[in-house]
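Notes for the one structure printed next.
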Amino acid sequence: MRSLRARLTIMFLLLVGLSVLGSGVFVSLLLKASYIDSLTDRLTKEGYLLAGTIDWSEAEKNPRRFQKQAQVNGKALKARVTLINRDGTVLGDSQEDPRQMGNLRRDREVQKVLRKKTGYTRVTTKDRLHVYIPVQQDGQVLGVIRLSLFLENINRSLSQVWFSLIGGLAMAYVAAALLGSRIASRITKPIEEITQVAVDIARDRYYRRVSVKERDEIGRLGSAINRMAAGLKNQLDIIRKSERRLISVIETMESGLLLVDAERRVNLANQAIHRFYDLKPGELVNKILPRRAVFHELHTLLDRCLYSGERIREELHLYYPEERILEASLTPIWGESEGMGVVVLLHDITPIRRLEKMRTDFVANVSHELKTPVTSLRGFAETLLDGADEDPQMRREFLEIIQAESLRLERLIGDLLDLSRIESKKLSLNLQEIPIHELIQSIVKTVEKQIKKKDLELQVKVDGTFSVRVDKDRFSQILINLLSNSMAYTPAGGKITVSAGKEGEEWVVSVADTGIGIPEEDLPRIFERFYRVDKARSRQSGGTGLGLAIVKHLVEVHHGKIHVKSQVGKGTEFILRFPL
């Protein structure tokens, strides 16, 4: 395929060549016609002069005179002179014998002249020019003079013209090639640059621009390309920015987003989907949704949505890789040519369902915990009313039980109120700087007598002297609850150790005992409300089942962390870490 530059050059050469060729042919024909007209005019004048000098009356008396006169005049005029009588007889010819030429009466041109149809006539053959001139006397045509010339000179002149034309045409072609190539280059170079810039823009190189040097049509085209490139770059930047924002929003969503076409090919899947189904990033995109067991419920919902074309909202229960409850919302969408697709939105409602279950369990536990002392109070009160108050010893025993149950009920209500305030984030702390040894000693003194009463050994270890910023009352509540648990689950003769010290950027408090310990399977749940490892012993000790839940929340309010270590039969250690 030829380039535009080559086609323009060839077109320019063709135009120049045709113009020169046409001009040469026209000039050569014009020269030939002009030369013949000039010769005709000359021969006509010479013929009329010759006709006036010949005495035609002696044509019959002395014909040889005409032959001689024709030869003399032929040499003088450098042309062939033929003298023809009225009857067509050749009287004389400068080049041939008249007797051998025959009668020319039948010659059409001779007839025209003899009949006075024309003053003179001209005949041009391939190689000769003939001019016929009438010889008139007293209004009568007595004969005809024919003057003839060979056209060799004319043809020779025309040949020179043709050679000149060919040379000029060759020179014109060379000049036209150079000039045409330069003109074509000036025309096509900006077009080539515009084409290359357009190709680069199509390859996302939007920084390319056309250098506009002229304000003609090509220059305006280049300016339009530049404006188009700037507009495309601006629009693409806006689209990419919006795309990045959209991708960031989609990828950071806690909910799973899935876009499936009519063939169940996944067009979009965010990180949450891969997390829910334990898949590698990009494992679903541009692939058919797998027919694994974990996707069975989702496939069922997709079938329903694609069949009905209506929005579906249901819950999915996953058991792998971990148990989850997902709320699935499926919305059908129509593409331009792909048919119906489905947008799947999966919300992880596992925490909500757990919270609902926890609330239900909490209500049941509270009801149960409240029902036990209330039932005891009601039972012993009814027993007293039925006559047991007449026995002083029994009355006192029942009254002591009623008092103990009421105190237990009071503690339970107090712990519930404390837990409610802590969890609602309405608890305000009165923070103050307190030396660590002073804080620990003041708390230990409040439970020291109870520990000795249960025949337990208490040991306090405080490493270093430093101050901590805590709410003294709330921290005392933390430590007293932990010490109470240790006293409740440590047999007589056991040991309780309270330690405090600094570790790097943290200060640490630990409460360790040599009690019965906690089974490993119960360790993850000991901070749940109303959870008891040994329910019978906990009730017997007067515990409410809320102490460790309160401890955990108070530690977190102080921006700390709590950790427990325990071995059955060897003891338990609660470790509290707080930032300095």
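No lab work stands behind these numbers, since they all come straight from the coordinates. Computed from a predicted model, the values in this text were never measured in an experiment. Using ideal geometry, Cβ is built from the backbone for each residue, glycine included, and neighbour counts are taken over all protein chains shown.
The Cα atoms of region 253-347 cover 37, 26, 25 Å along the three principal axes, with the biggest extent listed first. Applying a threshold of 24 Å to the alpha-carbon distances of Lys32/Lys68; Lys449/Lys502; Lys357/Lys472; Lys45/Lys112; Lys495/Lys565; Lys502/Lys565 flags Lys32/Lys68; Lys449/Lys502; Lys357/Lys472 as lying beyond it. What does the charge dipole of the chain about its Cα centre add up to, to the nearest 20 debye, if the Cβ of each Lys and Arg holds +1 and the Cβ of each Asp and Glu holds -1? With only Lys, Arg, Asp and Glu charged at Cβ, the dipole is about 5700 debye. Residue ranges 199-208, 73-82, 250-259 sort as 73-82, 250-259, 199-208 when ordered by packing (mean number of other C-beta atoms within 10 Å per residue, highest first). Ranked by the mean number of other Cβ atoms within 10 Å per residue, highest first, peptides 97-105, 136-144 order as 136-144, 97-105. Taking Cα centre as origin and charging only the Cβ of basic (Lys, Arg, +1) and acidic (Asp, Glu, -1) residues, the dipole magnitude of region 204-251 rounds to 160 debye.
Which entry in (i) 141, 28, 17; (ii) 39, 29, 24; (iii) 45, 27, 22 is this structure's computed semi-axes √(5λ) of the Cα gyration tensor in Å? Recomputing semi-axes √(5λ) of the Cα gyration tensor in Å here gives the entry labelled (i).
Positive-end ranking of Leu580, Ile247, Gln459 along the dipole of the chain, with charges on Cβ about the Cα centre, is headed by Ile247.
Look at the dipole of the chain built from charges on Cβ: of Ile191, His347, Gly501, the Cα furthest out on the positive end belongs to Ile191. Can you tell me the FRET efficiency between Glu251 and Arg208 if r is taken as the Cβ-Cβ distance and R0 is 35 Å, rounded to the nearest 0.05? Efficiency, rounded to the nearest 0.05: 0.60. For the chain, the residue among Gly231, Thr300, Ser181 whose Cα projects farthest onto the positive side of the dipole built from Cβ charges is Ser181.
Charged side chains reduced to their Cβ positions (Lys and Arg at +1, Asp and Glu at -1) give region 254-352 a dipole of some 240 debye around its Cα centre. For region 204-251, the spread of Cα coordinates along the three principal axes comes to 51, 13, 9 Å, biggest extent given first.
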